[in-house]
Amino acid sequence: MPAVQCQNCGLTVQVPEGGRRLCGCGTWLSADEIPVVVEAETPEPAERWPRIDSDLAAIERLNDGYRRIRKELAKAVVGQQRVLEELLIAIFARGHCLLVGVPGLAKTLMIRTLADALNLSFSRVQFTPDLMPSDITGTEVLQEDKSTGQRLFKFLHGPLFANVILADEINRTPPKTQAALLEAMQERQVTIAGTRHKLPDPFFVLATQNPIEQEGTYPLPEAQQDRFMFNVFVDYPEEEEEYRIVEMTTSTHQPQLERVLSATDILEMQDIVRKVPVAPYVIRYAMKFTRLTRKDKGEVPEFIKTYVTWGAGPRASQYLVLGAKARAVLHGRYYVSCEDIRAVAPAVLRHRIITNFNAEAEGIKPDDIVRRLADLIPRDPNEEKVAKG
């Protein structure tokens, strides 16, 4: 597979022979053609930062980028600090997010603002019961070449061909369309008429779901929810935060955002996160969270046998470690602690732990089970000494 260097941003991308691939900056790259910049699809790339000379410099650079992103997001989004941090952790860990919250909590605004601050192309898909897979992936149409009169099929790209996809109310579309989206999330490509079309890199799907209005919806099966790295719960704002929201949104205030990072910067930072070392005891600590949720496998706590039907799979352990790596780097550390695992555990596990009728009758949520596991699992002795002072 030939490597083609983008003339717009300088990134080298693997392009299949005879095919094309969309670079993160919005340039179509071809192995045998001159790259063509796609206009009006993505803004001009931000000024690239200098190349990384060492791991410590890379961590400082990513931490500085994280602070700048948070500063820009605060111009348009009031509060929701935990939600914003979990979104950024998922992005730098190459994961996808499912945001669950009642209407009016700025879920769409957060995602759109994040795409603007990161200088990424953005597409919003409003999922409806009549939405078909071709409406989001694209379709082939028959066109006539005016110069030769020959008719040829041409592929028209759907809204999935962007860096950040907002899948609004994903549970309102039929399973056929949901499956097409989930396939694109996993494979990072779509297949139309036997031809594979690569999606741009980086590629993130941030889906929203309304938890209170379930009439006429198609809830995602547990196997498809497992494709999302995080299930992010968006809660109501505090009183002072709601006051600021009302004050800001009922005036002429129009925040001006600076574009902090480009697609190339994000790809480099994703590589930094992957290189962060993890001690064996931290990996085993993460595995205990998932293995103790499987009631038919080994010795598990009694409350797991009472309240859990199905536990988390190996993908949960992977995402716990990846999320902990990204969190450590965003906080300026080049090592992963058990505290990082505990911080990302609720978002990773809440949609992977399937509770039974006993839990529903007693009001036990997956977050309660994760909290009890965090209290139960022994922590590293050295970490406890540091915490005690």
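The table that follows gives values for the structure above.
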item	result
Residue ID - surrounded by the fewest Cβ atoms within 10 Å (Cβ to Cβ), chosen from residues in segment 240-290 that are within 29 Å of Leu320 (Cβ to Cβ) and without any contact (Cβ under 8 Å) to a residue 12 or more places away in the chain	Pro280
Helices (runs of 4 or more DSSP H) lying entirely in segment 281-376 (those with 1 or more residues that are aromatic (Phe, Trp, Tyr))	302-307, 314-330, 357-362
Given (1) farther than 30 Å from Val329 by Cβ; (2) buried (at least 17 other Cβ atoms within 10 Å of the Cβ); (3) in contact (Cβ under 8 Å) with a residue 40 or more places away in the chain, index of the condition Thr217 fails	(2)
Selection count where residues are over 19 Å from Leu87 (Cβ atoms), within 21 Å of the chain's Cα centre (by Cα) and not aromatic (Phe, Trp, Tyr), scope segment 161-174	3
Complete set of residues in segment 93-108 that are closer than 19 Å to Tyr66 by Cβ and either open to solvent by less than 40 Å² (accessible area, probe 1.4 Å) or part of a helix (DSSP H, G or I) (or both)	Ala93, Gly95, Cys97
From the options Thr139, Thr177, Thr173, residue that is out of contact with any Phe, Trp or Tyr (no Cβ under 6 Å at 6 or more places or on another chain), among the hydroxyl-bearing types (Ser, Thr, Tyr) and buried (at least 18 other Cβ atoms within 10 Å of the Cβ)	Thr177
Lone unmet requirement of (1) in contact with a Leu (Cβ under 7 Å, 6 or more places away or on another chain); (2) under 18 Å from Asn231 (Cβ atoms); (3) assigned to a loop (DSSP other than H, G, I, E, B) for Ile111	(3)
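The values are calculated or read from the model by the stated rules, or taken from the named source; none is laboratory data. This structure is a prediction, so every number in the text was calculated from the model and none was measured. Cβ: placed from backbone, ideal geometry, glycine included. Neighbour counts: every protein chain shown. Protein only, heavy atoms only, side chains kept; ligands, DNA and RNA dropped before computing areas. Shrake-Rupley method; radii C 1.70, N 1.55, O 1.52, S 1.80 Å.
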